[in-house]
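Comments concern the structure below.
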Amino acid sequence: MRLRSLHRCASVAPVVQHRHWLPAIILAASCTVPVIAVGPARALDLPPLHSERPPFFSADVAISLDHGQHPALSVSITLPYSELEWILLDPHQPRLAAGVEFTVVFEARGKTEVPGDAWERRAVVADYRASRRPNAVFLEKRTIAVPPGSYHARITARDLNSGQESIATEKIEVPDYSRVPVGFADLELGLADSTGRFEPVPTRRFGTDVVRVAARAALFDRRAGTWPRHYTLQYHVRDEDGQMLLTGSQEATVASSGDSLLIRPTRGDLFLGAYTFEVELVEGRSHWRVERSFEVDESGPPRGKEFERILEALAYIATPEEMDWLHSMPPEQQAQAWEEFWRRRDPTPETPRNEAEIEFFRRLRYAEHHFQGFGPGWRSDMGRIYIKFGPPDQIESRPASSTEPQLEIWYYNQPYRRIVFADREGFGRFLLQTPGLE
C-alpha cells in the first residue's frame, strides 16, 4: 500500500483559438436532484477531473440551463503551458510556439450517435521563461444542451508538438428539470473582479486570490408571471469539519428563467484548507441547496487564536529554537514571523508559491481525516509522524495474534526509516512503538 499526494495545476491566460467541430459538444457535469416540500435539494458535488499522465490538465463540470430551460452540460478545462512541448519558431529569435488539441465525447448507453467536439488551441510566447509562468495556461469552456440521461464523458488533451495524449473520464447523470417549478442548476466556482466579470477556476484550488472567490449558478423558474423577478439567496462557506465560517444573503434580480447569477461573499480571507461553498434558495414550498467543494492552498498568515492553534502542529517540523521565537511574538508581529519561518523553507523562492508550506497543510489535513487518536487525527502518533516525514514509501500490516497486538509498519527509503505502530486496545488507535521519534 502506498500513500500518495495530490496533483496540482494552475489558472488563466489568453491565447489564439482555432476550431473544428464534431456533431455536438458537451462536457462532464454533476447532478442536482430536486426535492419539493420535503427538505433542501442538494447537488452531487463531483470533484474536478484530472488527467493521470502528461500533459496534465484539470476539468470542472457543472449543469446549466439554456434559455429554453433545457439542461446543458458546461465544462471549464485548464492546462498549464508548462505541460506542453515548446518549439523554436525562428533560430534567430527566442519566440516559442506550442499547441494542444482538446477532444470531448459523450457516450450514452443504447445510443448509436455519440456527441462530441474537437478543437485546437495554439500560443506563441516571447521566450522559455514565459512558457513556465504559474498563471500561463490554456483555459477552455464549452456549454451544450443535452437531454436528461446517463453519460460517460471522456476528455482528451493531445500535445501537438510531442504527440503525448492524456485522458480524464467520468460518469455523468443529467437530471430532468421539466417538473421542477423553481431551483438552481449546479454551481461553478471562480474569481470575480470589481466589475462583476467572472473567471472560472476549473481546479477549484485558490491561493491568495481567494479574497475574490465567487460562485455562478443558473436559476430557473417555470411559474407563471412577469419578468424580471427578484430573489433572496443565502450563501455559506464551511470548513471541512462543517463549521460555518462565512454566511450572508444576497438580493438578485433575474431577467428570465435560466439566467446566471453571481454570488459573492462579502469577505473571503480564508486560511489554507478545504471548504464548501453553499447557496440556498427558498421559494414557497421549494427549497434548493447547491454546493461545491474547493481548496485554499496558499494564503496569508494565521492570526490571533488561529496562530496559537497552528503552532502545536508546526512543532512537529520546527526546531525548539524556532518554536520559542514564534511563541514570543506579540500579535502585531505574528504575521511577519510566520512568513519569515516559511520563507526560510521555500524550495523555490523565485516562484510565488511556497511548496513547503502547501505540503505541510496537505499533510495536516490528511492526518486529521485518516488517523485515530484521543483527539484530532493530527495529534495522534500516526498523524504526528505523517506530518513530520510525509507519506511512507511502503506500509506493512500484521494482524493481531494471541501474544501480539495488530501492527502497522511504515517504511521510508530516503533516508531509511522503519517505524512501528501497535493497536494495543483493538480500536484502531495505533501508538508509536519505535523509540527515538517522540
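The values are calculated or read from the model by the stated rules, or taken from the named source; none is laboratory data. Because the structure is predicted, anything quoted here is derived from the model rather than measured. Here the Cβ is made from the backbone with ideal geometry for all residues, glycine too, and neighbour counts use every protein chain on show.
Residue by residue through the range 354-368, note down the ones that are farther than 20 Å from ILE419 by Cβ and either touching a Cys at 6+ places or on another chain (Cβ under 7 Å) or not basic (Lys, Arg) (or both). Passing the criteria: ASN354, GLU355, ALA356, GLU357, ILE358, PHE361. Considering GLY373, GLY428, GLY436, the condition of being at positive phi and either in a strand (DSSP E or B) or touching a residue at least 40 places away in the same chain (Cβ under 8 Å) (or both) is satisfied by GLY428 alone.
In the range 163-176, the qualifying residues are those that are part of a strand (DSSP E or B) and in contact with a Lys or Arg (Cβ under 9 Å, 6 or more places away or on another chain), and the one that is farthest from TYR231 (Cα to Cα) is GLU165.
Within the range 132-152, is there a residue that is in contact with a helix residue (DSSP H, G or I) (Cβ under 6 Å, 6 or more places away or on another chain), in contact (Cβ under 8 Å) with a residue 40 or more places away in the chain and among the polar types (S, T, N, Q)? No, there is no match, as no residue in the range 132-152 is in contact with a helix residue (DSSP H, G or I) (Cβ under 6 Å, 6 or more places away or on another chain), in contact (Cβ under 8 Å) with a residue 40 or more places away in the chain and among the polar types (S, T, N, Q).
The set of residues in the range 108-119 that are out of contact with any Lys or Arg (no Cβ under 7 Å at 6 or more places or on another chain) and surrounded by 15 or more Cβ atoms within 10 Å (Cβ to Cβ) comprises ALA108, VAL114, PRO115, GLY116, ALA118.
Note on the range 378-416: residues that are surrounded by 19 or more Cβ atoms within 10 Å (Cβ to Cβ), of a type outside the set (Ser, Thr, Tyr) and not in a loop (DSSP other than H, G, I, E, B) amount to 8.
Out of everything in the range 292-313 that is surrounded by fewer than 20 Cβ atoms within 10 Å (Cβ to Cβ) and of a type in the set (D, E, K, R), what residue ends up being nearest to GLU357 (Cα to Cα)? For the range 292-313, the residue satisfying everything is GLU298.
Of all residues in the range 157-185, those that are in the same structural domain as GLY99 (by TED's automatic domain parsing) and in contact (Cβ under 8 Å) with a residue 24 or more places away in the chain have Cβ atoms under 8 Å from Cβ atoms of residues that are acidic (Asp, Glu) and exposed (fewer than 15 other Cβ atoms within 10 Å of the Cβ), 6 or more apart or on another chain, in SER166/GLU52; ILE167/GLU52; ALA168/GLU52.
Candidates are the residues of the range 357-377 that are surrounded by 15 or more Cβ atoms within 10 Å (Cβ to Cβ) and among the hydrophobic types (A, V, I, L, M, F, W, C); the one that is farthest from VAL296 (Cα to Cα) is PHE371.
Among the residues of the range 98-133, those identified as farther than 18 Å from THR78 by Cα and small (Gly, Ala, Ser) are ALA108, GLY110, GLY116, ALA126.
Conditions tested, residue by residue: (1) surrounded by fewer than 19 Cβ atoms within 10 Å (Cβ to Cβ); (2) hydrophobic (A, V, I, L, M, F, W, C); (3) in a loop (DSSP other than H, G, I, E, B); (4) at pLDDT 90 or above.
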site: ASN161; (1), (2), (3), (4): yes, no, yes, yes
site: SER178; (1), (2), (3), (4): yes, no, yes, no
site: GLY183; (1), (2), (3), (4): no, no, no, no
site: ASP186; (1), (2), (3), (4): no, no, no, no
site: GLY190; (1), (2), (3), (4): no, no, no, yes
site: PRO202; (1), (2), (3), (4): no, no, yes, yes
site: ALA215; (1), (2), (3), (4): no, yes, no, yes
site: LEU219; (1), (2), (3), (4): no, yes, no, no
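Would you be able to say whether some residue in the range 280-288 is surrounded by 19 or more Cβ atoms within 10 Å (Cβ to Cβ), under 30 Å from LEU233 (Cα atoms) and not aromatic (Phe, Trp, Tyr)? Scanning the range 280-288, I find at least one residue that is surrounded by 19 or more Cβ atoms within 10 Å (Cβ to Cβ), under 30 Å from LEU233 (Cα atoms) and not aromatic (Phe, Trp, Tyr), so the answer is yes. When GLU340 is evaluated against the numbered criteria (1) modelled with pLDDT under 90; (2) among the charged types (D, E, K, R); (3) surrounded by 12 or more Cβ atoms within 10 Å (Cβ to Cβ); (4) over 23 Å from ARG417 (Cβ atoms), which criterion, by number, is the only one it fails? Failed condition: (1).
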